[in-house]
Ligand SMILES: *Cc1c(COP(=O)(O)O)cnc(C)c1O
């Protein structure tokens with residue numbers, strides 16, 4: 001069988017092989033193209049590349065072979081297994097230097113002064129601040145509501161014809177609340193509203209927002225997609241290929257939040273193991289959540305895999321597993337929480353998530369420090385809340401470390 005007639009069917013095979021192009025020096029991996037600019041054979045060729053008549057690289061803020069490979073792989077993973085009108089879904093990703101750069105491109109590429117954004121009240125702290133501190137200065141208003149209440153979501157859409165974008169994040173940081181992508185997307189479409197979903201916590205291994213007709217997915221690739229904490233990065237993925245190559249590619253180039261060749265190289269290697277890592281992250285998390293839920297020092301565990309979690313049903317409906325992320329509160333509140341964090345011996349005290357190591361952080365003083373306290377508490381980000389990204393270590397070691405830090 002020739003290579004071209006062999007069709008890759010599995011998720012991991014796609015994660016390993018998709019996006020890779022044969023390299024002219026027969027290197028197995030695409031080498032890091034550490035070059036800021038690209039050479040034209042003639043002036044004519046330069047003109048053709050600028051006009052788009054000829055494919056080819058020009059300048060690394062615009063594009064480079066390492067970015068292209070990462071973009072093709074992300075597009076293949078987000079569209080994995082989705083068929084629309086009898087055809088496999090085609091998506092285009094645009095890689096960025098961070099998740100926030102990708103989210104900025106999404107916002108600036110979609111919104112004009114006078115437009116409104118509808119979003120859920122539990123969001124990544126940076127996204128929340130981008131909306132309330134930067135976009136509001138451009139006369140773009142954000143409406144924050146509890147989007148788990150579909151009647152409320154519809155009411156907001158009806159009352160505000162200026163809403164151009166529904167922005168959701170599920171599971172959401174750091175309360176691990178889940179919103180119903182399918183139902184919200186349907187409502188938004190009936191009001192001509194564009195839909196974007198931050199899929200960072202779930203990754204395309206656990207959740208495929210494009211199945212529910214969303215227009216865009218954004219990622220902080222810094223987290224589970226990279227998987228090893230070696231580089232910051234982000235991506236916006238879209239189904240309108242023409243618009244992705246023009247509007248969003250242009251917006252990225254002009255805002256300047258491009259990735260770096262080395263970071264893109266690290267991301268490509270990391271994504272190859274997404275399935276095996278996520279399986280281990282998730283099975284560890286289910287055991288750790290059970291353990292914490294039964295621990296006498298713990299007041300509350302937010303984990304969508306627990307039947308007591310208010311969004312348990314929604315999580316099961318749209319995710320393959322309930323995921324590696326959880327948060328919890330100690331009975332002793334903030335002081336007990338600080339003591340617990342300081343007592344950890346193996347789990348790592350750090351913000352961020354999605355690395356092989358278990359990471360433990362305190363949202364109120366770290367990731368959500370910039371969110372006003374009253375809002376924070378209203379969103380469920382209490383002073384004693386602890387967030388944990390469960391790693392791929394031996395689960396018995398994770399539980400033993402948590403247990404000794406709790407005692
Ligand atoms: C980390 C994160 C971001 C921001 O990504 P950066 O890569 O840090 O810029 C956005 N959304 C979610 C859900 C995140 O966890």
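Candidates are the residues of segment 327-365 that are more than 15 Å from residue 401 (Cβ to Cβ) and in a strand (DSSP E or B); the one that is farthest from the ligand (Cβ to nearest atom) is 330. Over 29 Å from residue 286 (Cβ atoms) and free of Cβ contacts under 8 Å to residues at least 24 places away in the same chain, is that true of residue 242? In short, yes.
Annotation: residue 382 fulfils all but one of (1) in a loop (DSSP other than H, G, I, E, B); (2) under 21 Å from the mean Cα position of the chain (by Cα); the unmet one is (2).
Look through segment 227-245, keep the residues that are over 15 Å from residue 89 (Cα atoms), surrounded by 21 or more Cβ atoms within 10 Å (Cβ to Cβ) and away from the ligand (no atom under 11 Å from the Cβ), and return whichever of them is farthest from the chain's Cα centre (by Cα). Restricting to residues being over 15 Å from residue 89 (Cα atoms), surrounded by 21 or more Cβ atoms within 10 Å (Cβ to Cβ) and away from the ligand (no atom under 11 Å from the Cβ), the top hit is 227. Of the listed requirements (1) under 19 Å from residue 222 (Cβ atoms); (2) away from the ligand (no atom under 11 Å from the Cβ); (3) modelled with pLDDT under 95, residue 175 misses just one: (1).
When restricted to residues that are surrounded by fewer than 21 Cβ atoms within 10 Å (Cβ to Cβ) and either away from the ligand (no atom under 12 Å from the Cβ) or more than 20 Å from the chain's Cα centre (by Cα) (or both), segment 85-108 contains 7.
When the residues of segment 120-140 are narrowed to those that are within 20 Å of the chain's Cα centre (by Cα) and outside any helix (DSSP H, G or I), which ends up nearest to the ligand (Cβ to nearest atom)? This residue is 124. Of the residues examined, residue 315 is one that is buried (at least 16 other Cβ atoms within 10 Å of the Cβ), assigned to a helix (DSSP H, G or I) and within 25 Å of the chain's Cα centre (by Cα). Given the structure, is residue 117 in a strand (DSSP E or B) and either away from the ligand (no atom under 12 Å from the Cβ) or buried (at least 16 other Cβ atoms within 10 Å of the Cβ) (or both)? Criteria met by residue 117. Checked against the criteria, residue 181 does not count as modelled with pLDDT of 95 or more and over 16 Å from the mean Cα position of the chain (by Cα).
A search for C-beta distances below 8 Å between a residue of segment 122-137 that is outside the structural domain of residue 327 (by TED's automatic domain parsing) and over 17 Å from residue 374 (Cα atoms) and any residue that is more than 10 Å from the ligand (Cβ to nearest atom) and part of a helix (DSSP H, G or I), counting only pairs 6+ apart in sequence or on different chains, returns 130/107; 131/107; 135/107.
To keep it simple, each residue is scored yes or no on (1) within 23 Å of residue 147 (Cα to Cα); (2) in contact with a strand residue (DSSP E or B) (Cβ under 6 Å, 6 or more places away or on another chain).
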position	(1), (2)
219	yes, yes
223	no, no
233	no, no
241	no, yes
248	no, yes
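Within segment 222-236, residues that are under 11 Å from residue 268 (Cβ atoms) sit with their Cβ atoms under 6 Å from residues that are more than 10 Å from the ligand (Cβ to nearest atom), at 6+ positions apart or across chains, in these pairs: 225/271; 226/267; 226/270; 231/263; 231/266; 233/259; 233/263; 233/267.
Yes/no per residue for (1) over 27 Å from residue 206 (Cα atoms); (2) modelled with pLDDT under 90:
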| residue | (1), (2) |
| --- | --- |
| 300 | no, no |
| 304 | no, no |
| 307 | no, no |
| 334 | yes, yes |
| 365 | yes, yes |
| 380 | no, yes |
| 394 | no, no |
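When 248, 224, 201 are checked against the criterion of being more than 17 Å from the chain's Cα centre (by Cα) and either more than 13 Å from the ligand (Cβ to nearest atom) or surrounded by 19 or more Cβ atoms within 10 Å (Cβ to Cβ) (or both), a single residue qualifies: 248.
The values are calculated or read from the model by the stated rules, or taken from the named source; none is laboratory data. Quick caveat: nothing in here was measured; it's all calculated off a predicted structure. Positions of Cβ are generated from backbone atoms using ideal geometry, with glycine treated the same way; all protein chains shown enter the neighbour counts.
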